[in-house]
1. For the stretch 22-44, how many residues are within 14 Å of the chain's Cα centre (by Cα) and of a type in the set (Asp, Glu)?
2. What pairs can you find where one residue is in the stretch 44-64 and under 13 Å from Val112 (Cα atoms), the other is in a helix (DSSP H, G or I) and of a type in the set (Asp, Glu), and their Cβ atoms are less than 7 Å apart, with a gap of 6+ or different chains?
3. State all residues of the stretch 92-104 that are in a loop (DSSP other than H, G, I, E, B) and surrounded by 14 or more Cβ atoms within 10 Å (Cβ to Cβ); if no residue qualifies, say none.
4. Select, from Val88, Val83, Val109, Val143, the only residue that is farther than 24 Å from Val11 by Cα and in contact with a helix residue (DSSP H, G or I) (Cβ under 6 Å, 6 or more places away or on another chain).
5. Just checking, does the stretch 78-91 include any residue being outside any loop (DSSP other than H, G, I, E, B), touching a Cys at 6+ places or on another chain (Cβ under 7 Å) and closer than 14 Å to Gly136 by Cβ?
Amino acid sequence: MNVSLVIPFVVAVDGPAGSGKSSVSKEVARRLDFGFLDTGAAYRALAWHAEASGVDTDDAASVVSCLDSFDYRIGTDPTGYAVHVGEVDVTEAIRDPQISAVVSAVARVPEVRRHLIELFRSIMAAVDAPGIIVEGRDITTVVAPDAPVRILLTASEAVRMSRRSAELTGSSVEAVGEQLRKRDAADSKVVDFMTAADGVTTVDSTELDFDQTVDAVIGVIRAAQLALAQRHDARGAQISEETP
């Protein structure tokens with residue numbers, strides 16, 4: 001993997017299930033010509049790989065044993081990326097309810113998290129774009145704690161339930177709500193994604209539609225870019241004054 005000599009501008013986005021972080025992050029990346037990395041896809045792909053290999057996903061040691069044969073590739077083009085394990089395109093397969101039911105158990109394994117975090121960082125460094133939007137669990141605190149922009153995208157539980165049920169044809173709001181609560185409870189055993197850490201900006205989309213949420217996130221990014229540019233200019237001026 002070739003690493004760019006230009007460090008990409010990293011935007012880290014976290015949030016609870018149903019908050020819209022994937023769709024919003026992807027659209028923000030598209031509008032800014034940034035790369036896009038869905039880190040949750042890696043955990044789902046590993047869960048798929050474990051299931052396909054006949055591994056018990058509740059057994060941490062067995063899941064870890066799958067890492068050596070986990071040939072994972074993901075695109076970073078927000079307009080159309082694909083996920084592969086070996087030669088198999090698993091872009092759709094990893095969204096299967098069966099995978100959703102076991103992915104939290106896979107993600108809780110510390111060695112799995114360490115392995116994939118290093119993978120995420122290498123993908124971020126190698127992206128062929130001026131910046132990259134990275135979304136998923138513990139992105140703002142563990143994967144990219146030094147990112148110039150870190151955002152917690154959230155919404156009320158009722159809104160998250162409504163949005164997710166609209167995406168899933170045939171699913172009632174009540175059923176989706178139960179799924180979201182179970183997912184949040186399982187994921188919260190690994191990371192705290194409901195409370196913004198120091199330095200993380202909260203974007204609450206409860207009263208916002210999709211485009212308004214995208215605009216709000218872009219606004220946070222633009223403000224951070226401007227602040228960084230001003231600090232850079234000030235530092236340059238200071239160096240010039242100090243140079244004899």
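1. Qualifying residue count for the region: 2.
2. Correct list of pairs: Thr57/Glu51; Val64/Glu111.
3. Passing the criteria: only Asp96.
4. On inspection, the qualifying residue turns out to be Val109.
5. no
Here's the yes/no breakdown for (1) within 15 Å of the chain's Cα centre (by Cα); (2) assigned by TED's automatic domain parsing to the domain that holds Val203:
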{"residue": "Gly20", "(1), (2)": "yes, yes"}
{"residue": "Leu46", "(1), (2)": "no, no"}
{"residue": "Asp58", "(1), (2)": "no, no"}
{"residue": "Ala61", "(1), (2)": "no, no"}
{"residue": "Asp71", "(1), (2)": "no, no"}
{"residue": "Asp77", "(1), (2)": "yes, no"}
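Listed here are the residues, each with its yes/no results for (1) at pLDDT below 95; (2) closer than 14 Å to Ala17 by Cα.
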{"residue": "Gly136", "(1), (2)": "yes, yes"}
{"residue": "Thr140", "(1), (2)": "yes, no"}
{"residue": "Ile151", "(1), (2)": "no, no"}
{"residue": "Arg164", "(1), (2)": "yes, yes"}
{"residue": "Ser172", "(1), (2)": "yes, no"}
{"residue": "Leu180", "(1), (2)": "yes, yes"}
{"residue": "Ala186", "(1), (2)": "yes, yes"}
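Here's the yes/no breakdown for (1) surrounded by fewer than 17 Cβ atoms within 10 Å (Cβ to Cβ); (2) in contact with an Asp or Glu (Cβ under 6 Å, 6 or more places away or on another chain); (3) within 23 Å of Ile218 (Cβ to Cβ):
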| site | (1), (2), (3) |
| --- | --- |
| Glu27 | no, no, yes |
| Leu46 | no, no, no |
| Val55 | no, no, no |
| Asp58 | yes, no, no |
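The values are calculated or read from the model by the stated rules, or taken from the named source; none is laboratory data. For clarity, every value in this text was computed on a predicted model and none was experimentally measured. Using ideal geometry, Cβ is built from the backbone for each residue, glycine included, and neighbour counts are taken over all protein chains shown.
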